[in-house]
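For reference, the structure is listed below as structure tokens.
The values are calculated or read from the model by the stated rules, or taken from the named source; none is laboratory data. Note that the structure is a prediction, hence the values are computed from the model and not measured. Methodologically, a virtual Cβ is constructed for each residue, glycine included, from the backbone with ideal geometry; neighbour enumeration extends over all protein chains shown.
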Amino acid sequence: MAPPAWAVLSFSVSGVGGGDAIWAYHSSRVSRSLITVDRFAHEAEQLRAVFDARFAAPREAHSDRFVWDYWHVPGQYTALRTPAWTYFPRKLYAQFHNRLVAWGREHLGCHDVSPPWLSLYVEGCRQELHGDVPHGPWAFVVSLTRWRGRTFRGGETLLVRDDVLDFWHDFASNRVVEHGELIRVVPPKFARLTVFDPRIPHGVRAVTGTHDPREGRLVIHGWFVQPRPFVRGALPVRALASQIAELTGQLGGWIASLPVSGLVSLAFGVDRRGHVRDPRVLSDTTRVPHSEEPARKALVRRIRGAIAGWRFGPQRAVSRVTLPLVFERS
Ligand SMILES: [Fe+2]
């Protein structure tokens, strides 16, 4: 069998950040499959108010009501959707969008987001399980759903659990196997950002109990895309690019025939002497067959160790770097 092909993204280092605000978010939970950030979108109330106003008078027909696509793929997807970036007032939407992009750069090392959809789920709307390949390394859902006090059932984001994807590895004959053991359920609480590895089979539980758009499941969603290094501070792009090129050269030998795919994003500081400070893994979706897991962990440790030893020479000021590394199999 031919060794699995792999590729590390060809890094064009650009889009160096300047004075973007660092936001304080309410709470954040990170796993290798799923990240949730509650109270993420400060604009959520205003965005929601725009939607509510458009549907406030069902007997009136205004042009801004005629923007919805009834998206139905039999047996797979049913929802109403419209481009989010044209639905909302430009300034308000831009504020939300910029927050989302800044978060993705800082936390995932993804430079941009795909043009987001606004999707509405009323009676019968759902997404059956599927994977999004190759839309982007992380998918996102920002909820504008009035989750507390909802009148419908369903509407949660569903993700197949890792145990299911590797079901026979540690199978126990007496293990409980019901929905909760098989599927992770993420409620779309109002203003919550849900970020997940879109290669994992996922869906949306069918909504039942309302035909009223004002009472349905409403979300803005899309994908974080374009992984590339992100620098905040004085570190010259050229210096970083040459270290990355060296690392890319080393990776070929370290990976050898390991069938690894996914995205690992690392963060580190650079002090005034040009030494790397506090290198750490921010997020890591790299996956291998279970028997290769020790080798995968060793690879990530080796990358982190190599970065810890980087020297950039004297700096005018300290910097913080987010460095994403993409591994692909074909
Ligand atoms: Fe999807």
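To keep it simple, each residue is scored yes or no on (1) crowded, with 22+ Cβ neighbours inside 10 Å; (2) in contact (Cβ under 8 Å) with a residue 24 or more places away in the chain; (3) under 19 Å from A191 (Cβ atoms); (4) of a type in the set (A, V, I, L, M).
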| position | (1), (2), (3), (4) |
| --- | --- |
| L108 | yes, yes, no, yes |
| H111 | no, yes, no, no |
| V133 | no, yes, no, yes |
| G136 | yes, yes, no, no |
| R150 | no, yes, yes, no |
- prompt: Which of the strands (runs of 3 or more DSSP E) contained wholly in region 182-255 include at least 3 residues that are under 30 Å from P58 (Cβ atoms)?
  reply: 217-227
- prompt: What residue, of P229, P198, is under 23 Å from G109 (Cα atoms), within 14 Å of the ligand (Cβ to nearest atom) and touching a strand residue (DSSP E or B) at 6+ places or on another chain (Cβ under 6 Å)?
  reply: P198
So R296, is it assigned by TED's automatic domain parsing to the domain that holds G136 and not in a strand (DSSP E or B): no
message: Among the residues that make up region 166-185, is at least one of them within 16 Å of the ligand (Cβ to nearest atom), under 24 Å from D212 (Cα atoms) and surrounded by 14 or more Cβ atoms within 10 Å (Cβ to Cβ)?
response: no
- prompt: How do the strands (runs of 3 or more DSSP E) wholly within region 58-165 filter down when requiring 2 or more residues that are within 29 Å of P227 (Cα to Cα) and within 16 Å of the ligand (Cβ to nearest atom): which remain?
  reply: 77-83, 117-121, 126-130, 138-143, 157-160
query: Within region 258-270, is even one residue at pLDDT 95 or above, of a type outside the set (A, V, I, L, M, F, W, C) and over 20 Å from the mean Cα position of the chain (by Cα)?
result: yes
Unmet criterion (only one of (1) in the same structural domain as G305 (by TED's automatic domain parsing); (2) at pLDDT 95 or above) for G252: (2)
